[in-house]
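*Asks:* Before I ask anything, let me first share the structure, which is written out below as structure tokens.
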Amino acid sequence: MTDIQAHSDSLGKVGYLSPRSFRAKFILVVGAAVLFDLLLGGGIAIWNVQHLSRDAANQVGEGLTEANQEYLKTYIETTALRADLLLEQVHSDVTTLANTMQSLSDHPEVEAAIGTALEKSPAFSTSLVYDQKGGWAQNSAGASSAVSVWGYLLGPDHQPVPAAQEQLRNSEILGLLGPALMTTGSPKLQMYYVGPKSASIMRATPYSEQAQTFDKLYPGHNNGPNFWDFFFPGVYEGWQSWIANPASRPVDTDIVTTAPYIDAITGKLIVSFFHPLWTADRKDVDGMAAVDITLDQLSGLVQSVNIAETGFGFLAMSNGNVITTSKIGEETLGLKSSDQSGQGVTGIDRSLKGSTQEAIASLALPSDGSTHILHINLKRNGEDIPHLVVLKQLKPANLWDGKGIVKETMTLGFVVSEKEIYQSLIAAQDALSSATSRIVNYQIIALLVSLLIVFIAVFAISGRITAGLSALADAARRLQNKDYSVRVDIPSRDEVGAVGIAFNRMAEEISFHTENLEKLVEARTHELANANTEINELNKKLKSENLRLGAELDVARHIQMMVLPKPAELGAIQKIEVAGYMEPADEVGGDYFDVLHDGSRIKVGIGDVTGHGLESGVLMLMVQSVARALQEQGDEDPRTFLEVLNRAIYKNIERTKTDKHLSLAFLDYQDKQITLSGQHEEVLLVRKQGEVERIDTVDLGFPIGLESDIAPFISTRDIPFDSGDIIVLHTDGVTEAESPTGELFGLERLCESARKYRDCDSAEDIKEGIIADLMAHIATQKIHDDITLVVMRHR
């Protein structure tokens with residue numbers, strides 16, 4: 001022990017970085033070589049490569065960015081010029097017609113002579129036929145133009161009043177000139193003339209049943225006092241204000257245009273251009289000449305924009321309403337379309353301000369004639385994608401905004417992904433990156449060669465340096481095998497020698513404590529075994545309890561499905577086909593659906609208990625049982641039926657002390673009529689012709705189980721239900737079903753799906769079609785609420 005202690009004291013005098021220490025020897029040989037190679041060779045090479053790559057990328061990027069932006073400016077300015085030329089061509093056409101009619105109006109003797117001559121010609125005759133049902137007069141098909149005289153312009157003999165008769169004669173020229181003008185210039189949908197307020201007849205070419213169409217789409221138009229105030233309020237007065245003050249024109253032209261709207265006759269999206277006609281003394285308005293064009297040409301021009309792979313164009317009004325763009329443009333801009341009804345016309349609303357993309361919703365359209373280039377980020381699959389937006393104003397025009405005449409300046413826009421437009425820049429940067437990688441790889445190879453040289457040098461002296469470490473490793477293995485008598489003899493006087501001495505001391509202490517440690521481990525092992533036994537017993541009990549609860553839920557679900565109407569019961573019903581679908585969100589659902597029938601009396605019920613699970617399922621079974629009992633008792637009055645059912649359910653809820661209640665509605669069918677009672681979701685009624693009626697039930701009842709007496713709230717509604725009609729009932733689990741992106745299925749989709757499948761052979765096929773659409777919408781999303789759907793079809 002004295003020798004060992006002395007050796008330990010001697011080793012203790014060796015410094016941490018003494019030349020005799022193991023660490024000093026390792027740093028001296030390995031560290032110097034590695035650091036020299038990394039710092040000198042690798043550092044300088046990598047710095048040079050990065051500097052060169054950065055400078056090259058900046059120069060290429062600046063050049064390509066300037067070139068791309070110049071290309072986009074030229075492209076949008078050329079496209080804007082083409083759009084302006086297209087609109088100017090339409091202006092030229094309507095001006096030609098207006099100037100011709102204005103010249104005749106300024107020379108009434110010529111106008112009357114021409115009109116009289118044309119009236120005598122069978123090809124241009126405007127012999128009117130009075131329509132008893134519509135209350136207007138119109139010429140027969142085959143004429144070159146259609147002329148309509150509204151009821152308020154007809155006398156007691158159903159003939160036009162003198163002022164209207166004069167307008168008929170004076171506007172005959174449209175039947176002569178209209179067909180020729182329709183074939184020249186830009187493509188037009190129709191050209192027409194409307195008389196002044198005192199005699200606002202309408203003449204249009206080519207011929208169409210315009211009066212019949214107006215009766216169908218615009219009820220009340222024939223009641224007067226004039227055409228202008230009903231269809232285009234504010235236009236006539238705007239022109240009159242121009243006579244008093246020519247400087248009040250928003251734009252220096254007589255032509256007024258409309259925002260795009262749905263044409264009543266063709267159903268197409270069109271724009272109308274109005275040119276006023278003045279009295280000979282230029283003191284009042286004497287009617288107008290007008291041209292309707294479709295947006296096909298303008299849309300074709302905008303949708304033909306081709307930039308990179310997915311770049312597109314769009315055309316927007318000054319209020320942000322996008323009147324044309326491509327399908328990919330509508331998706332990228334995040335636009336939502338909705339019809340907007342006005343007085344006499346139906347437009348579309350697809351505003352940038354309503355975009356789902358935040359950058360588009362806040363996009364400011366230009367207020368001058370310059371070309372603007374903006375950088376924005378658009379969301380795609382949760383990722384921000386940089387895009388370029390290029391904006392250019394078209395020439396201003398006078399616009400009828402539904403109330404009066406205002407200045408309108410449309411904006412042409414281009415949108416393209418920066419990644420696509422700068423594809424060549426990205427390719428250049430990739431090439432530079434590849435070159436940089438090659439240089440770095442060569443540097444790594446050089447580093448590996450240097451390390452190999454260092455390794456050979458270290459290996460040459462490793463025998464002496466690591467001899468002590470090998471002895472320690474061998475002794476550690478023997479100690480691991482419980483040979484506590486092992487000792488090491490390391491002659492070196494460095495840190496390894498000090499470790500050897502410490503190891504020997506540790507081996508002595510381990511040998512001393514081994515016996516006591518083994519006894520302690522044995523005691524702890526026994527305690528752990530007892531604890532493990534207790535845990536196993538608890539696990540068995542928990543597994544048994546889970547099996548019991550699962551069996552109870554299975555029984556409850558089985559009972560719930562057993563009481564649903566069976567196909568054989570539904571098939572036995574005369575005149576009415578009924579198909580139902582129920583899918584609980586949990587093992588036990590809270591939706592109610594039942595069909596009760598007795599001879600010609602059929603009662604269909606649907607309801608939704610708050611929440612879902614076992615309690616909701618039990619309450620649903622209560623409702624089914626009470627409803628069946630009341631039906632068997634013969635309660636035919638829907639109000640009494642619902643009132644008694646509520647009292648029974650309310651008392652059961654009080655007894656069970658639950659906070660559940662439910663919405664509930666019943667449909668009683670007899671003799672081609674449905675009597676609807678109770679408060680639930682909207683009832684959808686699809687008529688044989690495809691019209692969908694949405695019937696609100698909020699005023700027909702009160703939630704069941706909330707109050708003991710709901711008689712004051714119960715009401716009924718009678719609905720005709722004839723052959724070919726379809727009724728769709730649902731719970732909110734249908735309309736609130738979510739897609740993987742969180743979008744609800746919604747009532748509009750349900751209406752569209754019902755309309756799509758209305759011609760199927762059976763109610764079961766209609767139900768399957770709607771459920772297929774619903775499941776396609778849900779896809780992989782988890783179902784959060786019970787889903788119930790009932791389809792009734794009158795044979």
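Please treat every number below as a calculation from the coordinates, not as lab data. Predicted, not measured: the structure shown is a model, and the values here were computed from it. FYI the Cβ positions are ideal-geometry reconstructions off the backbone, even for glycines, and counts take in every protein chain you see.
*Asks:* How far apart, in nm, are two points set 7 Å out from the Cα along the Cα-to-Cβ line at residue 243 and at residue 640?
*Replies:* Roughly 7.2 nm, to one decimal.
*Asks:* Something else: Can you give the percent of C-alpha pairs in region 588-636 whose distance is more than 18 Å?
*Replies:* Summing the P(r) of region 588-636 above 18 Å gives 32 percent of all pairs.
*Asks:* Each residue of region 325-336 in order: what ³J(HN,Hα) in whole Hz does its phi give by Karplus 6.51 cos²θ - 1.76 cosθ + 1.60, θ = phi - 60°, with x for Gly and Pro?
*Replies:* Those phi angles translate into 6, 7, 4, 5, x, 4, 5, 5, 6, x, 8, 10 Hz.
*Asks:* What are the aspartates and glutamates whose alpha-carbon lies under 18 Å from the alpha-carbon of residue 268, with same-chain residues fewer than 8 places away excluded?
*Replies:* 209, 292, 296, 339, 349
*Asks:* Could you calculate the FRET efficiency of residue 485 with residue 529 from 1/(1 + (r/R0)^6), where r is the beta carbon distance between them and R0 is 41 Å, rounded to 0.05?
*Replies:* 0.80
*Asks:* Could you sort out which of 120/197; 688/782; 327/756; 651/782; 197/283 sit more than 25 Å apart by Cα distance in this structure?
*Replies:* 120/197; 688/782; 651/782
*Asks:* What does the charge count around residue 65 come to, taking other residues whose C-beta lies under 13 Å from its C-beta (Lys +1, Arg +1, Asp -1, Glu -1)?
*Replies:* Net charge in that neighbourhood comes out at -3.
*Asks:* Could you pull out the pairs from 336/379; 188/395; 566/767; 379/419; 566/657; 575/767 whose alpha carbons sit more than 25 Å apart here?
*Replies:* Going by Cα-Cα distance, 566/657 fall outside the 25 Å limit.
*Asks:* Skipping prolines and chain starts, which residues have an amide H placed within reach, meaning under 5 Å, of the one on residue 286, given they are 5 or more residues away or on another chain?
*Replies:* Excluding prolines and chain starts, which carry no amide H, the hits are 277, 278, 279.
*Asks:* Sticking with this structure for a sec: At q = 0.10, 0.16, 0.19 Å⁻¹, what log₁₀ I(q)/I(0) does region 63-202 have when each alpha carbon counts as one equal point scatterer in the Debye sum?
*Replies:* For the requested q values the scattering log ratios are -0.46, -0.88, -1.13.
*Asks:* Quick one: what are the phi-derived ³J(HN,Hα) couplings along region 529-540, Karplus 6.51/-1.76/1.60 with θ = phi - 60°, whole Hz, x for glycine and proline?
*Replies:* 3J(HN,Hα) across region 529-540, in whole Hz: 5, 5, 5, 5, 5, 5, 5, 5, 5, 5, 5, 4.
*Asks:* Give me the one-decimal Kirkwood hydrodynamic radius in Å for region 297-425, with the sum taken over alpha-carbon pairs.
*Replies:* About 15.5 Å, per the Kirkwood formula over Cα pairs.
*Asks:* Next up: Relative contact order, percent, of region 575-646 when contacts are C-alpha pairs under 8 Å separated by at least 6 residues?
*Replies:* After rounding, I find 26 percent.
*Asks:* Hey, another quick one. Which order do peptides 760-772, 211-223, 686-698 fall in by mean Cβ count within 10 Å, highest first?
*Replies:* Listed from highest to lowest mean packing, they are 760-772, 211-223, 686-698.
*Asks:* Report the local net charge at residue 297: Lys and Arg +1, Asp and Glu -1, summed over other residues whose C-beta lies under 11 Å from its C-beta.
*Replies:* Net charge around residue 297: +1.
*Asks:* Another question, if that's okay. What is the local net charge at residue 279, summed over the other residues whose Cβ is closer than 15 Å to its Cβ (Lys, Arg +1; Asp, Glu -1)?
*Replies:* Net local charge, residue 279 excluded: -4.
*Asks:* Turning to a different aspect of this structure: Any idea which of 747, 724, 789 is furthest toward the positive side of the dipole for region 717-795, if Lys and Arg beta-carbons carry +1 and Asp and Glu beta-carbons -1?
*Replies:* 724
*Asks:* Apply 1/(1 + (r/R0)^6) to the Cβ-Cβ distance of residue 89 and residue 625, taking R0 = 51 Å, and write down the FRET efficiency to the nearest 0.05.
*Replies:* Approximately 0.10, to the nearest 0.05.
*Asks:* Follow-up. For a protection proxy built on the mean count of beta-carbon atoms within 10 angstrom, sort 667-673, 477-483 highest first, please.
*Replies:* The most tightly packed comes first, giving 667-673, 477-483.
*Asks:* Mind ordering 575-581, 563-569 by average Cβ neighbours within 10 Å, highest first?
*Replies:* Put in order of decreasing packing, that is 575-581, 563-569.
*Asks:* Something else: Given Cα pairs under 8 Å that are at least 6 residues apart, what percent is the relative contact order of region 297-425?
*Replies:* 24
*Asks:* Around residue 185, which amide H atoms from residues at least 5 apart in sequence, or from another chain, sit under 5 Å from its own amide H, with H modelled in the peptide plane?
*Replies:* The answer is none.
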